[in-house]
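Take a look at the structure below.
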Ligand code: GLN
């Protein structure tokens, strides 16, 4: 067989998706790969039924249907507080996974440097390698997951082409403050760097925290490539509808990358999701309340099980410290947890560039009854861990 591309030696399969397979194997409650076990709003499901009859079933315009871009521009103009042009400043993608890849390929040439905060959502490492970029990792130091300003300045001094900013952050649950965003933004201006954001959890921010958009900071729109998706906002992770928002000069190039990568997101789903974008503002407020309550329910369970964690401010993940149970492999610990305790988590080491093995990530985007059963099982962890051979 001819030799496979060297690029693929740089990364492994997704550990998050692997944990879902392990969870299924043991019939565990899957709190690893982050997706809800509850339905999208009924308006969206009804629209999907209607679309099955009425279409569209053929290609949409490659960069997204006119109606969807208009609806997205309207919603994002309101939430971001900056005016977005539906015809020039948006491209609809197959999830934010494609949005990030398109952004990286639009911004970077092979050999360019890209700053990535660590721990990071595992796709960014693979994205960088696939477009030939070289990551510079800047730690978000546990347990608070804050960055050191001097370290970030040192990274910018290496003249990166872009910085990736996941805010609210997966896996840490950190919501970057406006001061932190200004600090990052000022460095991006000083060193002429793109900021590529991943803001898929923009509407999942616990009270009293607030999501601030990098693109909306003074002077930042021109260098910010904002990626997001509708997956988390409307509980439709399988629909794969995401988007990139950026100035016209960036979007006209991003459209080319997107067109040749995927042609376009699924046309019927683009039509059906309009029902979500037409929901009133109260929907987003109730989403925030829903996840604030789910966080309380799950964290109370972790407290009762005597587990140590960093309280998330946004997204739907929590990093739990497992150092009292093991100083060995966190992957093995997660396998054991799925098999013996019946709850699946993601080993933290898959998110860290540094050698950190004492965290696992749970997500809490599940029905209350699922979370209640999960914490009941986790209450047995301490006792079961005593007989575990490390
Ligand atoms: N973003 C989700 C997570 O971090 C799902 C990842 C995926 O498999 N696409 O778990």
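What follows is calculated from the coordinates using simple rules that are stated; it is not laboratory data. Only a predicted model underlies this, so the values are computations on that prediction, with no experimental measurement involved. A quick note on method: Cβ atoms are made from the backbone with ideal geometry, for glycine too, and the neighbour counts reach across all protein chains shown.
Here are the numbers for this structure:
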read-out: As computed over the range 105-229, the Cα convex hull volume per residue (Å³); value: 100 Å³
read-out: Listed residues 104, 80, 319, most fluctuating in the chain (Gaussian network, C-alpha, under 10 Å); value: 80
read-out: Three principal axis lengths of the range 1-66 [C-alpha, angstrom, descending]; value: 46, 37, 21
read-out: Cα pair count fraction exceeding 17 Å, expressed as % - the range 45-145; value: 68 percent
read-out: Near-label residues of the range 255-291 by backbone N, under 18 Å of a point 7 Å along Cα→Cβ of residue 59; value: 255-271
read-out: Calculated [θ] (222 nm, deg cm²/dmol) that DSSP helices of n ≥ 4 give over the chain, each run adding -39,500 (n - 2.57); value: -12000 deg cm²/dmol
read-out: The chain: relative contact order as a whole-number percent, Cα under 8 Å and 6+ apart; value: 25 percent
read-out: Kirkwood-type radius of the chain, with distances r between different C-alpha atoms, in Å; value: 21.6 Å
read-out: Gain upon complete extension [residue 46, residue 368; 0.36 nm per residue less C-alpha separation]; value: 113.5 nm
read-out: Within a Gaussian network of the chain (alpha carbon springs, distance under 10 Å), most fluctuating of 323, 118, 349; value: 323
read-out: Distance between modelled label sites at residue 384 and residue 179, nm, 7 Å Cα→Cβ extension; value: 4.3 nm
read-out: Extension gain, residue 332 back to residue 134 (0.36 nm per residue minus Cα-Cα distance, nm); value: 68.3 nm
read-out: More than 20 Å apart - percent of Cα-Cα pairs taken over the range 317-373; value: 22 percent
read-out: Length released on extending from residue 146 to residue 376, taking residue separation times 0.36 nm less the Cα-Cα span; value: 79.6 nm
read-out: Cα centroid separation, the range 155-197 to the range 66-99 (Å); value: 21 Å
read-out: Gaussian network model of the chain, Cα within-10 Å springs - most flexible of 39, 330, 85; value: 39
